[in-house]
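Asks: To start, I am sharing the structure in question, which I have written as structure tokens.
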Amino acid sequence: MKLDHLRYFDRLADMLSYTNAAKSLYIAQPTLSAAIKRMEQEVGLTLFRRAEGVASGVELTEQGRIFHEYVVQALERYDTGLNLALESQNESDSLLRLGTVYSMKGRFWSKAIDDFINQWGSLPHFHMEQAYSAELAKQLKSRGIDVAFAAMTPEAAGLNHVHVWSQSLVACVNVENPLAQRTSITLDELKDERLLTYSAKSSVSPSIDELFGSRMKEFNVVRSFDDELSLSSFVSSHSNNVAVMVYSILVNAFDDVACIPITDAPADFHKIYLMSRNEPHSKIVGDFIDFMSSYEFPDIFAESRNAL
């Protein structure tokens, strides 16, 4: 049985959706389906059954639930054993397994990594993971990565964290929308607009709830989006849509949208933290945490406006 297939099984057992699990694993859904079918044939058990009324949804059988419990333990022991073996050969001294949210990647991110490499004095071996904040916290706790740039979520409870970067809240509008001429805007001025924003599962959602408070019902808000890329795409394709979102480099994929600061929100509306496990670290991980904890990341929204 392939190790990758065990990890596929574990992810599907957690997410209970072929579509979502395949997306999070960055593989095609047929690949995931074939791997699970191969596993079931090898173990001689039916591990999943279709969930009624949910497209691509599944649920664990009783046999699948029992098997999953021990697969989780086996993967944790495998990862721990591999890390210890690497350390015993001094191979982990230059290995840094780094996770980051999608919105962190950009020129300023590359510069921060380059600055660390220059201080480190040699080229470390980086293993990079990109995912949403909740998934990165899970990977940290399961020892899949060493450190992560992520927002605070319930999954991050118990992890060490230090605030390193913030994102501003903006109104993203189509350039054909009259609001695109504004230099700033308030929430009250958006009451007549169709507003798009994050779904409840997003790490930004709690801050959105706090900002709107009990006034949420006064607005026409659609809350079904995961990230700035999907929000920007709906603004790009429909000039009447307005997205209330945090500014990120993902907006740069569209040349027909404009971002306007929302004055009701603080400049550090959405905070990104450098997270790690509460345990002794290898030298490179410890040095990376120390370096990035004091690194001055730029305000990319302010820089983008100054460039106009």
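Asks: Every residue in segment 214-257 that is among the hydrophobic types (A, V, I, L, M, F, W, C), assigned to a strand (DSSP E or B) and surrounded by fewer than 20 Cβ atoms within 10 Å (Cβ to Cβ), please.
Replies: If the condition is that a residue be among the hydrophobic types (A, V, I, L, M, F, W, C), assigned to a strand (DSSP E or B) and surrounded by fewer than 20 Cβ atoms within 10 Å (Cβ to Cβ), then Val221, Val222 are the ones that fit.
Asks: Working only within segment 240-272, note down all residues that are touching a residue at least 40 places away in the same chain (Cβ under 8 Å) and charged (D, E, K, R).
Replies: Answer for segment 240-272, where residues must be touching a residue at least 40 places away in the same chain (Cβ under 8 Å) and charged (D, E, K, R): Asp256, Asp264, Asp268, Lys271.
Asks: Within segment 263-276, can you find the residues that are in contact with a strand residue (DSSP E or B) (Cβ under 6 Å, 6 or more places away or on another chain) and at pLDDT below 95?
Replies: Ala265, Asp268, Phe269, His270, Lys271, Ile272
Asks: Which of (1) surrounded by fewer than 16 Cβ atoms within 10 Å (Cβ to Cβ); (2) acidic (Asp, Glu); (3) under 29 Å from His5 (Cα atoms); (4) at pLDDT 90 or above is the odd one out, the single condition Glu91 does not satisfy?
Replies: (4)
Asks: Just one of the numbered conditions (1) of a type outside the set (Val, Ile, Thr); (2) in a helix (DSSP H, G or I); (3) surrounded by fewer than 17 Cβ atoms within 10 Å (Cβ to Cβ) is not true of Pro266; which one?
Replies: That leaves (2) as the condition not met.
Asks: Select from segment 103-131 the residues that are surrounded by fewer than 16 Cβ atoms within 10 Å (Cβ to Cβ) and hydroxyl-bearing (Ser, Thr, Tyr) and write down the one among them that is modelled with the highest pLDDT.
Replies: Ser110
Asks: Turning to a different aspect of this structure: When you look at Arg65, is it basic (Lys, Arg) and either more than 23 Å from the chain's Cα centre (by Cα) or buried (at least 20 other Cβ atoms within 10 Å of the Cβ) (or both), yes or no?
Replies: So Arg65 fits the description; yes.
Asks: Could you list, in sequence order, the residues of segment 193-213 that are surrounded by 11 or more Cβ atoms within 10 Å (Cβ to Cβ) and assigned to a helix (DSSP H, G or I)?
Replies: Those that are surrounded by 11 or more Cβ atoms within 10 Å (Cβ to Cβ) and assigned to a helix (DSSP H, G or I): Ser205, Pro206, Ser207, Ile208, Asp209, Leu211, Phe212.
Asks: Given Val54, Val71, which one is of a type outside the set (Phe, Trp, Tyr) and modelled with pLDDT under 90?
Replies: Going through Val54, Val71 in turn, the sole match is Val54.
Asks: Next question, about the same structure. Which one of Val162, Val175 is surrounded by fewer than 16 Cβ atoms within 10 Å (Cβ to Cβ) and within 29 Å of Glu296 (Cα to Cα)?
Replies: Going through Val162, Val175 in turn, just one is surrounded by fewer than 16 Cβ atoms within 10 Å (Cβ to Cβ) and within 29 Å of Glu296 (Cα to Cα): Val162.
Asks: Quick test of your reading of the structure: Leu190 fulfils all but one of (1) surrounded by 21 or more Cβ atoms within 10 Å (Cβ to Cβ); (2) under 12 Å from Val257 (Cβ atoms). Name the failing condition by number.
Replies: Of (1) surrounded by 21 or more Cβ atoms within 10 Å (Cβ to Cβ); (2) under 12 Å from Val257 (Cβ atoms), only one is false for Leu190: (2).
Asks: For segment 158-180, enumerate the residues that are of a type in the set (Gly, Ala, Ser) and either part of a strand (DSSP E or B) or in contact with a Leu (Cβ under 6 Å, 6 or more places away or on another chain) (or both).
Replies: Filtering segment 158-180 for residues of a type in the set (Gly, Ala, Ser) gives 158, 166, 168, 171, 180.
Passing the criteria: Ser166, Ala171.
Asks: Is it true that some residue in segment 45-61 is small (Gly, Ala, Ser), under 25 Å from the mean Cα position of the chain (by Cα) and buried (at least 17 other Cβ atoms within 10 Å of the Cβ)?
Replies: The initial filter retains those residues of segment 45-61 that are small (Gly, Ala, Ser), namely 51, 53, 55-57.
After this cut, where a residue has to be under 25 Å from the mean Cα position of the chain (by Cα) as well, the list is 55-57.
With buried (at least 17 other Cβ atoms within 10 Å of the Cβ) added as a condition, the list becomes none.
There is no residue in segment 45-61 that is small (Gly, Ala, Ser), under 25 Å from the mean Cα position of the chain (by Cα) and buried (at least 17 other Cβ atoms within 10 Å of the Cβ).
Asks: Additional query: Being of a type in the set (Gly, Ala, Ser) and in contact with a Phe, Trp or Tyr (Cβ under 8 Å, 6 or more places away or on another chain) is the filter here; which residues of segment 14-34 pass it?
Replies: Listed by number, the residues that qualify are Ala21, Ser33.
Asks: Still on this model: Based on what the data block shows, is Lys141 closer than 23 Å to Met216 by Cα, surrounded by fewer than 19 Cβ atoms within 10 Å (Cβ to Cβ) and of a type outside the set (Phe, Trp, Tyr)?
Replies: The answer is no for Lys141.
Asks: Condition first: outside any loop (DSSP other than H, G, I, E, B) and more than 17 Å from Asp14 (Cβ to Cβ). Now tell me which residues in segment 136-157 satisfy that.
Replies: Val147, Ala148, Phe149, Ala150
Asks: Regarding Ala134, is this residue in contact with an Asp or Glu (Cβ under 6 Å, 6 or more places away or on another chain), under 25 Å from Thr100 (Cβ atoms) and touching a residue at least 40 places away in the same chain (Cβ under 8 Å)?
Replies: Values: in contact with an Asp or Glu (Cβ under 6 Å, 6 or more places away or on another chain): yes; under 25 Å from Thr100 (Cβ atoms): yes; touching a residue at least 40 places away in the same chain (Cβ under 8 Å): yes.
Spelling it out, Ala134 is indeed in contact with an Asp or Glu (Cβ under 6 Å, 6 or more places away or on another chain), under 25 Å from Thr100 (Cβ atoms) and touching a residue at least 40 places away in the same chain (Cβ under 8 Å).
The values are calculated or read from the model by the stated rules, or taken from the named source; none is laboratory data. Keep in mind it's a predicted model, so treat the numbers as computed, not measured. With ideal geometry, Cβ positions are generated from the backbone for all residues, glycine too; neighbour counts draw on all protein chains shown.
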